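Colleague: A single structure is presented below for examination.
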Amino acid sequence: APRILSGMQPTHDSLHLGNYLGAQVNWVRMQADFDAFFCVVDQHALTVGPEPEELRRRTRVTAAQYIAGGVDPEKSTVFVQSHVPEHSQLAWVLNCITGYGEAARMTQFKDKSGKRGAEGTNVGLFTYPMLMAADILLYDTSVVPVGEDQRQHLELTRDLAGRFNARYGDTFRIPEAHIPGETAKIMSLQEPTAKMSKSADNQAGNLMMLDEPKVNTKKVKSAVTDTDNAVRFDAEAKPGIANLLRIHAALSGDSIETLVERYAGENKYGALKGDVAELVIQVQAPFKARVDELIGDPAELDRVLAAGAERAREVAAATLARAYDAVGFLPGA
Ligand code: TYM
C-alpha cells in the first residue's frame, strides 16, 4: 500500500482541537487505506528548550493521544523520531542542498525567530524544515496529512526531493500534501482571525483535548463572535461564527448549510455555542479517559513505541543507504 507519514511536536501536555480536527481525524481515516507512519517528533520539540522531564512526559502523552484518537498501533507504525537516527542523518544531507535564503524565507522560522530575537533563536529552529523533510522522504511517503500551516514546509520537502533526484539520480518519492478544506485551519476562539496554536499568547482561545470538560465549555461559551446576531457562514465578516460552524460540522458530520438553517433567526449564538460545547465534550471525554489508561501503563506504551521504532528503522535505513550512496559516501563496514 502507498505510505502516509505525519507527526506532531510534543511541546505541550495536550493536543488542541486544531491538531485533532486538522490532522488526526484524517490520519485515522487514512490508516485503513495506507501503510501509515505516525511519528512523535521529539527532536523538533527540542528546538523550544523543554526541561528533560517535561520532554519525556510529553513524548509519552503525545503518543498516547495518537492512540486515544484512533490510531491503531496494530495497523499503523507509531514511533518516536529520536529512536530512528536516520532522521537526523538524512537531515544533514538535505541541509547541504538547501539554500540559506530558502531556509530563511520559511514563514514559521520568521515568526518564531521574530518572537525570540536573534539571541533567543537557536540554529535548530532554522534547520527544522530540513529535518521535517527527512521525516517524510525516508519513508517513500506518498501523502502527508497535515493542517494548512504546514503547506510551506511540504513545498520545501517537494523541492528538496526533486533537487536531490535531479542532482544525484532518482532516490526519493515526491510526496503530496493532504490538507483538508474545512478543518485545515481551526481558529482561536478568542482571536478568530488567528489559528488555534499551542504557542498563542492567549490560551483561552485553545480547546485542549485533555482539559476538564467544564474548562472547554466555558471557553466555547466565551468565544468571540460579533454583534450582528444572525448565524451565517461568512469567514471574512464573521470569522468567529464561521469557526464555530466549521467545528460543529466537523464534529457532528452535519453540513454547514444544514447548520445555518438550524440556527436561523435571532439570538441563536447561545444555542450554537451550547451545541458546540456539547460536541467537544463528547469527543474529548472518552479521548481523555483512554489517554489516562495508556499513560497509566508506561511500560506497555514504551513497548508499542519500541516495536514502532523497529519497523520504522527497517524502512528508514534502506532509504538512507540509497541516499548516502547517491551522494558519494563510501559504503561502511
Ligand atoms: P504541530 O505539532 O504544530 O501540529 C500538528 C498538526 O496539527 C496541525 N494543526 C492545525 N490544523 C488545523 N488548525 C489548526 N489551528 C492547527 N494547528 C496545528 C498541523 O498542521 C499539523 O498537521 N512541523 C510539524 C510537525 C512535523 C511533521 C513532520 C508533520 C514534523 N515532521 C512530518 C508532518 C510530517 C508541526 O509543527 O506540527
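Colleague: Of all GluC sites (Glu not before Pro) in segment 24-109, which ones are in loop regions per DSSP and have a Cβ with at most 10 other Cβ atoms within 10 Å? Write down the numbers at each step before the final one.
Modeller: On the way: sites: Glu53, Glu54, Glu74, Glu86, Glu102; in loops: Glu74.
Of the GluC sites (Glu not before Pro), the ones in loops of segment 24-109 whose Cβ has at most 10 other Cβ atoms within 10 Å are Glu74.
Colleague: Considering only protein heavy atoms, what per residue accessible area in square angstrom results for segment 93-209 with a 1.4 angstrom probe? The partial results should precede the final answer.
Modeller: On the way: 5230 Å² over 117 residues.
That works out to 45 Å² for each residue.
Colleague: Note the full-extension length gain between Asp201 and Glu266 as 0.36 nm times their separation in residues minus their Cα-Cα distance, in nm to one decimal.
Modeller: Values: separation 65, 0.36 × 65 = 23.40 nm, distance 3.30 nm.
Gain on stretching Asp201 to Glu266: 20.1 nm.
Colleague: Continuing with this model, one more query. So what's Rg/Rh here for the chain, counting alpha carbon atoms and using the Kirkwood radius for Rh?
Modeller: Numbers: Rg = 20.7 Å, Rh = 20.9 Å.
Using Cα coordinates only, the ratio equals 0.99.
Colleague: Once a ≥ b ≥ c are taken as the square roots of the eigenvalues of the Cα gyration tensor of segment 107-210, is the result rounded (a/c under 1.5), prolate (a/b larger than b/c) or oblate (a/b not larger than b/c)? The partial results should precede the final answer.
Modeller: On the way: a/c = 2.94, a/b = 1.54, b/c = 1.90.
Since a/c reaches 1.5 but b/c is at least a/b, the shape of segment 107-210 is classed as oblate.
Colleague: Now for a separate question. Tell me the mean residue ellipticity at 222 nm calculated for the chain from its helices only (DSSP H runs of n ≥ 4, each -39500 (n - 2.57), averaged over every residue, nearest 500). Could the numbers behind the result be given before it?
Modeller: Values: 13 runs with 176 residues, N = 333.
Calculated at 222 nm, the ellipticity per residue is -17000 deg cm²/dmol.
Colleague: Mind checking the angle between helix 107-120 and the chain's longest principal axis? C-alpha axes, 0 to 90 degrees, to the nearest 10.
Modeller: 80 degrees
Colleague: With r defined as the distance between the Cβ atoms of Ser222 and Gln89 and R0 fixed at 41 Å, what FRET efficiency is calculated, to the nearest 0.05?
Modeller: Numbers: r = 48 Å, r/R0 = 1.16.
Step by step, r from the Cβ atoms, then E = 0.30.
Colleague: Which order do the peptides 114-125, 178-189 come out in when sorted by mean C-beta neighbours inside 10 angstrom, highest first? Provide the component values of the computation, followed by the final result.
Modeller: Working: 114-125: 11.4, 178-189: 20.6.
Most protected by this proxy first, the peptides run 178-189, 114-125.
Colleague: Follow-up question, since we're still on this one. In whole percent, what relative contact order does the chain give with Cα contacts below 8 Å and a gap of six or more residues? Working shown, then result.
Modeller: On the way: 518 pairs, mean separation 73.1, N = 333.
So the answer I get is 22 percent.
Colleague: Please give the length that would be gained between Glu300 and Arg151 if that part of the chain were fully extended, namely 0.36 nm times their separation in residues minus their C-alpha to C-alpha distance (nm, one decimal). Walk me through the numbers before you get to the answer.
Modeller: On the way: separation 149, 0.36 × 149 = 53.64 nm, distance 3.47 nm.
That pair, Glu300 and Arg151, stretches by 50.2 nm at full extension.
Colleague: Follow-up question, since we're still on this one. Leaving ligands, DNA and RNA out of it, report the carbon-plus-sulfur percent of the accessible area of the chain at a 1.4 Å probe.
Modeller: Numbers: 7830 of 15220 Å².
It is 51 percent, rounded to a whole number.
Colleague: Assuming R0 = 35 Å, what is the FRET efficiency of Ile97 and Glu278, from their Cβ-Cβ distance, to the nearest 0.05? Working shown, then result.
Modeller: On the way: r = 50 Å, r/R0 = 1.44.
Computed FRET efficiency for Ile97 and Glu278 comes out at 0.10.
Colleague: What number comes out for the charge environment of Arg3, summing +1 per Lys or Arg and -1 per Asp or Glu over other residues with Cβ under 14 Å away? Each step should come with its number before you reach the end.
Modeller: Details: positive: Lys75, Arg173, Arg311; negative: Asp33, Asp35, Asp135, Asp140, Glu176, Glu314.
Charge balance near Arg3 sits at -3.
Colleague: If you don't mind, another one. For a quick protection proxy, order the peptides 64-73, 257-266 by their average other-Cβ count within 10 Å, most packed first.
Modeller: Values: 64-73: 20.6, 257-266: 13.7.
The peptides rank, most packed first, as 64-73, 257-266.
Colleague: Pairing the Cα long axis of helix 298-327 with the longest principal axis of the chain, what angle in degrees results, from 0 to 90 and rounded to the nearest 10?
Modeller: Helix 298-327 and the main axis of the chain meet at about 50 degrees.
Colleague: Relative to the longest principal axis of the chain, what angle (0 to 90°, nearest 10) does the C-alpha long axis of helix 123-137 take?
Modeller: 80 degrees
Colleague: Between Arg311 and Ala194, what length comes free when the chain is fully extended (0.36 nm per residue of separation minus the Cα-Cα distance, one decimal in nm)? Let's see the in-between values first.
Modeller: Details: separation 117, 0.36 × 117 = 42.12 nm, distance 3.81 nm.
That works out to 38.3 nm of additional length.
Colleague: How big is the accessible area of Lys198 in square angstrom, nearest 10, if you roll a 1.4 angstrom probe over the protein chains?
Modeller: 40 Å²
Colleague: What ranking do 35-41, 203-209 get when scored by the average of other Cβ atoms within 10 Å per residue, highest first?
Modeller: On the way: 35-41: 24.9, 203-209: 21.9.
Descending mean neighbour count gives 35-41, 203-209.
The values are calculated or read from the model by the stated rules, or taken from the named source; none is laboratory data. Model, not experiment: these values are computed from the prediction. With ideal geometry, Cβ positions are generated from the backbone for all residues, glycine too; neighbour counts draw on all protein chains shown. The protein model used for the area step is the full one, side chains on, heavy atoms only, and it has no ligands, DNA or RNA in it. Shrake-Rupley method; radii C 1.70, N 1.55, O 1.52, S 1.80 Å.
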